[in-house]
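Enquirer: A single structure is presented below for examination.
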Amino acid sequence: MSRLLTTLLLYKSGFYVGKYISLEAKIAKNKDLYYDALGQAQIGWHECKEDAVPFIKYLLGTILAAYKDFGVRFALVETKRSALETVRRATLNLWLPAN
């Protein structure tokens, strides 16, 4: 539920990348990092000494990764190409290491 609300708040704040790149899928792909960041942010909660920075850093990193993925996808369709060429380039992007 919290991830759904996070996506909604991002939309309301003008961050629409979640319409094109699934933030939920990006988080699910690295669940361990998500739960580690959440756990670190909650340390000291009972004493009102929690620190949200670890979770904020994690979430911003996830949003940045989503925008990078969107840029790659947009670059594939920005130039008019045949469907076959678009699929070929998308396939190559899956197997080539990112710069």
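The values are calculated or read from the model by the stated rules, or taken from the named source; none is laboratory data. Owing to the predicted nature of the structure, the values given are computational and were not obtained by experimental measurement. Glycine also receives a Cβ, built like all others from the backbone with ideal geometry; neighbour counts cover every protein chain displayed.
Enquirer: Residues being at pLDDT 90 or above and exposed (fewer than 12 other Cβ atoms within 10 Å of the Cβ): count how many of those fall in region 15-27.
Expert: The number of residues fulfilling the criteria is 1.
Enquirer: Hey, could you check region 28-48 for residues that are among the small types (G, A, S) and exposed (fewer than 12 other Cβ atoms within 10 Å of the Cβ) and say which is nearest to L4 (Cα to Cα)?
Expert: Only one residue tops the list, namely A28.
Enquirer: Please go through region 32-55 and pick out each residue that is within 16 Å of the chain's Cα centre (by Cα) and free of Cβ contacts under 8 Å to residues at least 12 places away in the same chain.
Expert: Once the filter is applied, which keeps residues that are within 16 Å of the chain's Cα centre (by Cα) and free of Cβ contacts under 8 Å to residues at least 12 places away in the same chain, region 32-55 yields D32, Y35.
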